[in-house]
Amino acid sequence: MFVGREKELSLLETLHSSHTFAYLVLYGRRRVGKTSLLKEFSKSHSVIFYSAQAKNDSLNLADFSKTLQRYFTGTTFGTFSDWQAAFTYVTSQVSEKRVTLIIDEFPFIAEVNQTVKSILQHTIDHQWKDKNLFLILCGSSVSFMETEVMGAKSPLYGRSTSNLELQSFDYLQSAAFFPNYSNEEKLLSYGILGGIPCYLEAFSDASSLPQNIAQNILRMGSFLKDETQNLLKMELRD
């Protein structure tokens, strides 16, 4: 269930509707709904959507190459020799029809390949800035995105059209997940779960609040019971 994010979707639509190069940096804490937002946007548009993984550079490049091959139907090629070759191929495919390239979890690529930010900067400056292309770089490591992507010492500094830090929902937005709950139950749910969409979706207003707590927080092996420990592990790894 996708709820809210009207302003964020409006920004994406505005950037997409431009016929000039646009580049959005989307970032925010884990579970805040960045990927869900991008997928909701993608329902109305043809996009190249690549979600990087925590693996070595050659495997991410191979998967990115496959993603391009699936999008640009009728083309057959193997893995690109490097990221510059992959981005240059995208350039060759841009025409009057707008191309939207989404790279989700960009830090997984940039952390293991120290040159990819400079490669992207060079591609933007010399190939994409006059093209009908919309680039979105997304990441969950807030410190990395702020320092290594948007920071003054980053090769990508000053290239973005817009930067968007996705925030958690406020009370009214969170309450929309539970239309069948009383105001008191909505407030209690918000107090327990905060405004994180992934957590709000774990509760269902078809069940009572105590039932949701028992099933989704207290039960051994439940998602929310293990969430704190899992998040700490991911943050310490980053």
Residue within the stretch 32-54 that is touching a helix residue (DSSP H, G or I) at 6+ places or on another chain (Cβ under 6 Å) and β-branched (Val, Ile, Thr) present: yes
Subset of the stretch 194-211 (residues that are within 14 Å of Asp170 (Cα to Cα) and assigned to a loop (DSSP other than H, G, I, E, B)): Gly194, Gly195, Ile196
Selection within the stretch 98-138 - more than 12 Å from Leu38 (Cβ to Cβ) and aliphatic (A, V, I, L, M): Val99, Ile109, Ala110, Val112, Val116, Ile119, Leu120, Ile124, Leu133, Leu135
Odd one out for Thr35, checked against (1) in contact with a Lys or Arg (Cβ under 9 Å, 6 or more places away or on another chain); (2) over 22 Å from Thr91 (Cα atoms); (3) assigned to a helix (DSSP H, G or I): (1)
Looking only at the stretch 212-233, and only at residues there that are exposed (fewer than 13 other Cβ atoms within 10 Å of the Cβ) and either in a loop (DSSP other than H, G, I, E, B) or touching a Ser or Thr at 6+ places or on another chain (Cβ under 9 Å) (or both), the one that is modelled with the lowest pLDDT: Gly221
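Residue-by-condition table, conditions (1) within 24 Å of the chain's Cα centre (by Cα); (2) under 30 Å from Asp125 (Cβ atoms):
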position	(1), (2)
Ser162	yes, yes
Leu172	yes, no
Glu185	no, no
Gly221	no, no
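Kindly indicate which of Lys66, Lys34, Lys39 is free of Cβ contacts under 8 Å to residues at least 40 places away in the same chain and within 16 Å of the chain's Cα centre (by Cα).
Details: Lys66 fails: within 16 Å of the chain's Cα centre (by Cα); Lys34 fails: free of Cβ contacts under 8 Å to residues at least 40 places away in the same chain.
Within the list Lys66, Lys34, Lys39, the selection yields Lys39.
Quick check: is even one residue across the stretch 137-146 more than 27 Å from Thr20 (Cβ to Cβ) and touching a Lys or Arg at 6+ places or on another chain (Cβ under 8 Å)? Lay out the reasoning, then the answer.
In the first step, residues of the stretch 137-146 are kept if they are more than 27 Å from Thr20 (Cβ to Cβ); the result is 140-144.
Of the ones still in play, those that are also touching a Lys or Arg at 6+ places or on another chain (Cβ under 8 Å) are 140, 142.
Yes, because at least one residue in the stretch 137-146 is more than 27 Å from Thr20 (Cβ to Cβ) and touching a Lys or Arg at 6+ places or on another chain (Cβ under 8 Å).
Return the residues of the stretch 54-97 that are of a type in the set (A, V, I, L, M, F, W, C) and closer than 25 Å to Gly33 by Cβ; say none if nothing qualifies. Lay out the reasoning, then the answer.
Pass one, the stretch 54-97, residues of a type in the set (A, V, I, L, M, F, W, C): 54, 59, 61-62, 64, 68, 72, 77, 80, 83, 85-87, 90, 94.
Passing the criteria: Ala54, Phe64.
With the requirement that a residue be in contact with a strand residue (DSSP E or B) (Cβ under 7 Å, 6 or more places away or on another chain) and either basic (Lys, Arg) or not in a helix (DSSP H, G or I) (or both), what does the stretch 9-32 give you?
We begin by selecting, within the stretch 9-32, every residue in contact with a strand residue (DSSP E or B) (Cβ under 7 Å, 6 or more places away or on another chain); these are 11, 15-16, 21-28.
Of everything in the stretch 9-32, those that are in contact with a strand residue (DSSP E or B) (Cβ under 7 Å, 6 or more places away or on another chain) and either basic (Lys, Arg) or not in a helix (DSSP H, G or I) (or both) turn out to be Phe21, Ala22, Tyr23, Leu24, Val25, Leu26, Tyr27, Gly28.
Considering the stretch 188-206 alone, what residues qualify as being among the hydrophobic types (A, V, I, L, M, F, W, C) and crowded, with 20+ Cβ neighbours inside 10 Å?
Within the stretch 188-206, the subset among the hydrophobic types (A, V, I, L, M, F, W, C) is 188, 192-193, 196, 198, 200, 202-203, 206.
Scanning the stretch 188-206 gives Leu193, Leu200, Phe203.
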The stretch 109-156 - residue that is among the hydroxyl-bearing types (Ser, Thr, Tyr) and part of a helix (DSSP H, G or I) and, of those, surrounded by the most Cβ atoms within 10 Å (Cβ to Cβ): Thr123
Whichever residue in the stretch 164-187 is within 30 Å of Ala22 (Cα to Cα) and among the aliphatic types (A, V, I, L, M) and, among such residues, is surrounded by the fewest Cβ atoms within 10 Å (Cβ to Cβ): Leu166
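The values are calculated or read from the model by the stated rules, or taken from the named source; none is laboratory data. Bear in mind that the values here come from a model prediction, so they are computed numbers and not experimental data. Glycine also receives a Cβ, built like all others from the backbone with ideal geometry; neighbour counts cover every protein chain displayed.
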